[in-house]
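The values are calculated or read from the model by the stated rules, or taken from the named source; none is laboratory data. Quantities reported herein were computed from a predicted structural model and do not represent experimental measurements. Glycine gets a Cβ as well: all are built from the backbone with ideal geometry, and neighbour counts include every protein chain shown. Surface areas here come from the heavy atoms of the whole protein model, side chains and all, with no ligands, DNA or RNA. Shrake-Rupley method; radii C 1.70, N 1.55, O 1.52, S 1.80 Å.
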Amino acid sequence: MTTRFHPASSPDFVPAPQLRELQSQRLRAVVRRVYDQTKLYRNRINEAGLRPESIESIDDIAQLPFTVKSDLRDTYPFGLFASPMDEIVRLHASSGTTGKPIVVAYNRHDVEIWAEVIERALVSFGLHEGDILQNSYGYGLFTGGLGLHYGGERLGATVIPTSGGNTDRQIMIMKDFGVSAICCTPSYFLHILDRAAEIGVDLRSLPLRAGIFGAEPWTDAMRQHIEQAADIKAYDIYGLTEIIGPGVGAECHCQNGIHIFEDHFYPEIIDPNTGQPLPDGETGELVLTTLSKQAMPILRFRTRDVTSLVSEPCPCGRTIRRIHRISHRTDDMIIIRGCNVFPSQIETALLEVEGALPHYQIILTRSRGLDQMEVQIEVNAQILSDRIGAMEELQARFAKQIEHIIGLHVVVTLAEPRTLPRSEGKLRRVMDQRNL
Ligand code: DLL
């Protein structure tokens, strides 16, 4: 993978004092804008006993109030817009699981920034003009499709807007069009891999060399599996609708954390219980402030994504800071018999056992007041029929490995290949049936 310097990534290498000056200048402007243009922020800033001019530099950011997801719901649909409607050129929405969606807006300047950060992400994955980019993120209200699309075009790549689904056609296009990079959720890529094997296409023999995976958590164990199975480099891209969509941050070729494009999106880590900022290196909830967005700027958004800021500089030389890959969301943590468990721990455990396919599902139930966790894992059909007792042995190995990592005994069920749910977008791996 090439690591040559591309001019689009210049802002990633700005010396720290200069970056802080830019962040301060942008923070002052954004605070003034939301104060003048939105009722919610004006009230919140007044209630905090502040005036817009109280915020002089980026060091003052922690004085500002947080924004939470329900603020976006409560102001549905347009209550947080800070540009007049006739300047807004795009709306996206995120459905969430219940009730009204949240709506986000972009003016011309915002869609340009979005394309800029996506271009910077693609460059940091080693992509360049001439790459053929299959974009299998969903096009529509979801930000993944259109977000990646315009950044790819800005780079000068050839973007193929396949969107999600119709997997056989995805594979045909990948093969016939000489696709060099694909964007989709890691779980959809697993599905593509399976289906390709079924119809006799070996992705390793294609020109595909990079996968751009995000929109859901995935582990380094999963990365290894994907990289080997497809002979590609698998990169992590992070983002969320409320802040812009994909492109808040991305890995570089070092694959050791997500660089945040912090000239546009300022990261903080807080203790989710107290709301207090945590020092670099400590794990907590990621909070993001949009420094340059105009149509819908957001101050100190509580993402619920759990990570930490990496203090060591990255060998790639980028000065923008990194966060560790997102391990889970605060609301995804499973509390079972008093222990905290993350689905990513299960993923890591099961991929260490030979014979596991990377498809699994976690089912939580409650029986006579006691929580039970069942992990269903797809395994190689060969193993299931190999010899008498092989299945029980494998089951025991999975249970032991999981217990070793999470400290709890779980029920392991082995499943035939291709029997667990698949997804063309984000995959829900945890079924919590405890309150049914
Ligand atoms: O998922 C935006 C996106 C599209 C990101 C395509 C990357 C690629 P939402 O639907 O609003 O937006 O979901 C945002 O997804 O708060 C995280 O919990 C999770 N998420 C996104 N990227 C990653 C990632 C898009 N790389 C929520 N690793 C976020 C782990 C991720 N979780």
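Before moving on, here are some points about what is shown:
- Value in Å of the Kirkwood radius, where the stretch 171-255 supplies the Cα pairs that are averaged: 13.3 Å
- Rounded to the nearest 20 debye, dipole of the stretch 334-432 from Cβ charges on Lys, Arg, Asp, Glu: 320 debye
- In the chain, helical runs assigned H by DSSP with n ≥ 4 each contribute -39500 (n - 2.57); averaged across all residues and rounded to the nearest 500, the mean residue ellipticity at 222 nm is -9500 deg cm²/dmol.
- Kirkwood Rh and Cα Rg combined as Rg over Rh, evaluated for the stretch 334-432: 0.96
- Amide hydrogen neighbours beyond the local backbone of Leu420, cut-off 5 Å, H modeled: none
- Dividing the mean sequence gap of close Cα pairs (under 8 Å, 6+ apart) by how many residues the stretch 36-124 holds gives a relative contact order of 23 percent.
- 3J(HN,Hα) couplings calculated from phi for the stretch 16-28 with the Karplus curve 6.51 cos²θ - 1.76 cosθ + 1.60 (θ = phi - 60°) are, in sequence order, 3, x, 5, 5, 5, 5, 5, 4, 5, 4, 6, 5, 4 Hz; Gly and Pro show x.
- Surface accessible to a 1.4 Å probe, Met172 within the full protein complex, Å²: 100 Å²
- Computed 3J(HN,Hα) for the stretch 52-61, one whole-Hz value per residue from the Karplus formula 6.51 cos²θ - 1.76 cosθ + 1.60 where θ = phi - 60°, is x, 6, 5, 8, 9, 9, 4, 5, 8, 4, glycine and proline marked x.
- Placed amide H near His328: partners under 5 Å, 5+ positions off or other chain: Val306
- Summary value for the stretch 283-436: 18 percent relative contact order, contacts being C-alpha pairs under 8 angstrom separated by 6+ residues.
- The solvent-accessible area of Asp168, taken with every protein chain present and a 1.4 Å probe, is close to 70 Å².
- Gly249 long-range amide H proximity, modeled H, under 5 Å: Tyr238, Phe261
- Close Lys pairs in the stretch 1-330 (alpha-carbon distance under 21 Å; sequence gap of 8 or more, or different chains): 6.
- For the chain, the spread of Cα positions along each principal axis, largest first, Å: 74, 56, 40
- Relative contact order of the stretch 1-330, taken over Cα pairs closer than 8 Å and 6 or more residues apart, is 18 percent.
- Coordinate range along principal axes, alpha carbons of the stretch 86-232, Å, largest first: 51, 38, 28
- Ranking Thr158, Gly145, Val89 by Cα position along the charge dipole of the stretch 68-182, where only Lys, Arg, Asp and Glu carry charges on their C-beta atoms, puts Gly145 farthest toward the positive end.
- Modelled label reach - Thr419, point 7 Å along Cα→Cβ, the stretch 348-376 residues with backbone N closer than 20 Å: 350-351, 353-365, 373-376
- Sites excluded, GluC sites (Glu not before Pro) in DSSP loops with at most 15 other C-beta within 10 Å, longest stretch of the chain: 130-281
- For the pair Gln18 and Thr330, the difference between a 0.36 nm per residue extended length and the Cα-Cα distance amounts to 109.0 nm.
- Percent antiparallel among DSSP beta bridges (both partners in the chain, rounded to 5): 65 percent
- Of all DSSP beta bridges confined to the stretch 334-432, the antiparallel ones make up roughly 60%.
- Probe 1.4 Å - accessible area at Ser311, Å² to nearest ten: 70 Å²
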